[in-house]
Every structure is written in C-alpha cells, then in structure tokens.
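What follows draws every value from the coordinates through simple rules; no lab data is involved. On a predicted model such as this, the values are computed, not experimentally measured, just so you know. Heads up, the Cβs are rebuilt from the backbone with ideal geometry, glycines too, and the neighbour counts pull from every protein chain shown.
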Amino acid sequence: MHTLRKNLDQKRAEGLYRSRRVIEGPQGPELVVDGRRMLAFCSNDYLGLAADPRLSEAMNRGVARYGVGSGAAHLISGHSQAHHALEEELAEFTGRERALLFSTGYMANLGVIGALLGRADSVLEDRLNHASLIDGGLLSRARFRRYAHADVLALDAQLAQAPGRRLVVSDGVFSMDGDVAPLNDLASTCGRHGAWLMIDDAHGIGVLGPRGRGSVAAAGLGQGEVPVLMGTLGKALGTSGAFVAGSEALIETLIQQARPYIYTTAMPPAVAEATRAGLRIAAEEDWRRERLQGLIARFRHGAGRIGLQLMESSTPIQAVILGSSERANRWSEALHNQGILVAAIRPPTVPEGSARLRVTLSAAHSVAQVEALLSVLQEIAAGESA
C-alpha cells in the first residue's frame, strides 16, 4: 500500500491526478457541482436530450411495465420486448440488417474485436483511437499494429504485410481532437486488401450525417464498405449503453462469441424505452444539429479572434491546445473560479506536450453561454501574456 500511495503522490506532483465531482440534479448547460451552480462545457450530451422530459416519460412508462432491472443476461431471461424493439429501430436508423445492444461502448469494442479475431489474425488501429479500442485490440490476442493518425498510406503498407483475417479499426470522430477519420480512404484501402473495417462512431451518431445517422452515413458509406459499426447511446441519444450494427452473420457471431455480451446482465428495459424516444427525437429534430453547428462556428470564430490554438474540428468537440499539463490545469482552474466547468485533458489520455482544454458544445447551450465562455478564456489569455 505504501507503493500505491507513493504513485498517487507522484501523479499529484505531475499534475496528472484525477478527481471526481459530485453533480446534483439533471444534466444540462448549467450544473450544480459540489453545491455550486456552474456553466458546463464538458458533457457529451450533444443534442441536449439527457434531461428531455420525453425521455423521462418513456423511462417511467418502461419502469411501470418492466420494473427497474432486467434480471439476467440477454441470453438467459433478460432480453425484453423493449430491447428487441430498440435493436430493430437502431438497425433501421443505421441502414443495416441487424443491431445488437451492449451495456457500454467499452464492452462493445472489447466484445467485437475479441469475437472476430484470434491469434493468427491482425488488427490495425489508428494511433489516436479510444482506449477501449486499443484494449480490445490488445486483449484479442491478434497481431496488433497501430498506424499514424489518419495516415492511410501507412495503413496500406501495414495491411500488405498483415497475416490472417485483418480488421482495421478507427474512431469515426476522435474523442480528444474532434476530427473526423478519412472514412472514404479507409474504406477504399480495406476493400483493396480484403480487410474488414470497424468504425466506432460514438461521437458521430446523432450529430453528423442525414437525420444524425453518423459520420459513416455522412461519408456516403454503408454496410458494404463499413461492415462493423459501433455507436453509443449515452452521448447524443441521451441515455446509456451501446450497440453494434451490421450484417445478420456479424450479429449472430457476436451473440455466440462476444464475451462481454454473453456474460453481462442486460441494460434495464426502461433505459431501452427511453433510448427509443431519444432515437426518434434525434432523427426527427434536425434543428438540434443546425443549432449545434451554429454554436460550433461561433466558438471557433471567437477562439480564433482571441488567438487560441484549436485542433481542426467541425464537431462539438473543440480542443484548446495548451501544451503542458500544468498549464491546462491552471486554465481549467481559472475557468472553475469563474463558474465555468471545462475539463483539462492530460497525458496519458493525449500525447505528451498536447495537454488541452476539451470544450464540448451542446444544442442546449445558448449563444450567451458560449460568449460567456469566450469572454473568460480571453481574460485568462490576456492575464497570462501580461
């Protein structure tokens, strides 16, 4: 235990210590954080659905019908009519034959990669993929390679040397930078090599593409080009959980072989009912995406005027690059002191020297709230250069 304490002390000294905050009340642009009301720019609730009363009403109806728990894994007695209906609606929404629910996106990624590959196979991943994809690749026991971020030429060279079945895995929208993967080039390269392509579209579903169908749909790609699509339900759709969508053969393979699916209690049916409501709203209310794009443009224009260094991103994830962990922590603390909650993202989540503020925008934010954030950022920048 002394060794553990020493390691924790070192993390504090290096500015890498993580702490939890206690939130009171529902999600929204304003949160009560540790008893203090604050303006929040750190949630993935991109469409503002997490506290939408229509989702709450759907969940309450689900509780009245199904109770609060599913009781078992999907393959035992936990697969309800609500789960089944949601899977069918997700398949239709994504334009695929079938969809399969998982309790979390992390579990979905571990389950898919492990189910599809073995020791004689190869998995090739973007260097900036989410941790769950990296872990899924490592735990699959397949030969694991990483290619330079969005570098399709490097991927092409690696695929030419990769043995066995080959699975290429990439985020659709990268969670720390906010940029979109070169999906058409990835699909073309995989097609030439006969490799499968898996896209984790956790941050694209609901936000990008026609009716919010995600980054893959925005790129004009379908099941034939991207046979494995993962999406989460706890971001733009406002609830919790994840799904994988694809062919009949893919989904049946996952039901038989994906250990995180087989050995995990199903999400509560009431959550599935709430998600069905969130999915309908996300698909029908295009104004939410239009409003979000307007706020993104306003923030990027204002940040440029201040002289902040932003990553290239047209998504709600806007990374303000600050360099050192100490500087990122200092800016985050200064914002906190002014009543604004923005997370400082530090190594190992991002590469050394690229610590940042990760600003996330929501359709629920107002123009005035975005301008308030920009005003405080300008004060911090001016004070640092004075």
Residues whose built amide H sits under 5 Å from the amide H of residue 48, excluding neighbours closer than 5 in sequence, are 363, 364
In whole angstrom, the spacing between the Cα centers of region 346-386 and region 34-80 equals 29 Å
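Using only C-alpha positions, report the orientation-averaged shadow area of the convex hull of region 22-172, nm², one decimal. Kindly include the intermediate steps, with their values, before the conclusion.
Details: hull surface 50.1 nm².
That works out to 12.5 nm².
Count the DSSP beta bridges whose two residues both fall in the chain, then state the antiparallel fraction as a percent rounded to the nearest 5. Working shown, then result.
On the way: 27 of 46 bridges.
Percent antiparallel among DSSP bridges in the chain is about 60.
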A correct Karplus calculation of ³J(HN,Hα) over region 102-116, with 6.51 cos²θ - 1.76 cosθ + 1.60, θ = phi - 60°, whole Hz and x for Gly and Pro, returns 10, 6, 8, x, 4, 5, 4, 5, 4, x, 5, 5, x, 6, 8
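Relative contact order, percent, of the chain when contacts are C-alpha pairs under 8 Å separated by at least 6 residues?
Numbers: 790 pairs, mean separation 85.5, N = 386.
Relative contact order comes out at 22 percent.
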Among 316, 131, 116, the residue whose Cα sits farthest towards the positive end of the charge dipole of the chain (+1 at Cβ of Lys and Arg, -1 at Cβ of Asp and Glu, taken about the Cα centre) is 131
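P(r) tail for region 151-239, what percent of Cα pairs lie past 17 Å? Intermediate results must be reported in sequence, preceding the final value.
Values: 1792 of 3916 pairs.
Taking all Cα-Cα pairs of region 151-239, the fraction more than 17 Å apart is 46 percent.
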Amide H contacts under 5 Å for residue 42, restricted to residues at least 5 apart in sequence or on another chain and with H modeled in the peptide plane, are 360
Toy charge model, Lys and Arg Cβ at +1, Asp and Glu Cβ at -1: region 53-284 dipole around Cα centroid in debye, rounded to 20, equals 420 debye
Computed ³J(HN,Hα) along region 312-326: with the Karplus parameters 6.51/-1.76/1.60, θ = phi - 60°, integer Hz and x for glycine or proline, the list is 5, 7, 10, 10, x, 8, 10, 9, 9, 7, 10, x, 8, 5, 4
At 10 °C and 1.306 mPa s, the Stokes-Einstein diffusion coefficient in µm²/s for region 171-326, with hydrodynamic radius from the Kirkwood sum on alpha carbon pairs, is 92 µm²/s
Extend 7 Å from the Cα of residue 336 along its Cα-to-C-beta direction; within region 25-65, residues with backbone N under 11 Å of that point are 34
Given Cβ charges of +1 for Lys and Arg and -1 for Asp and Glu, the option among 64, 261, 299 whose Cα lies farthest towards the positive end of the dipole of the chain is 261
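Please give the calculated 222 nm ellipticity per residue for the chain, where each DSSP H segment of at least 4 residues contributes -39500 (n - 2.57) and the sum is spread over every residue; nearest 500 deg cm²/dmol? Show your work: numbers first, answer last.
Values: 14 runs with 169 residues, N = 386.
So the helix-based figure for the chain works out to -13500 deg cm²/dmol.
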Binned at 10 Å from zero, the C-alpha pair distances of the chain give percents of 5, 22, 31, 27, 14, 2, 0
Applied in sequence order to region 158-167, the curve 6.51 cos²θ - 1.76 cosθ + 1.60 (Karplus, θ = phi - 60°) yields integer Hz couplings, x standing for Gly and Pro, of 5, 4, 5, 9, 7, x, x, 5, 10, 10
Loop-resident trypsin sites (Lys or Arg not before Pro) in region 14-47 with no more than 16 other Cβ atoms inside 10 Å, DSSP not H/G/I/E/B, are 18, 20, 21
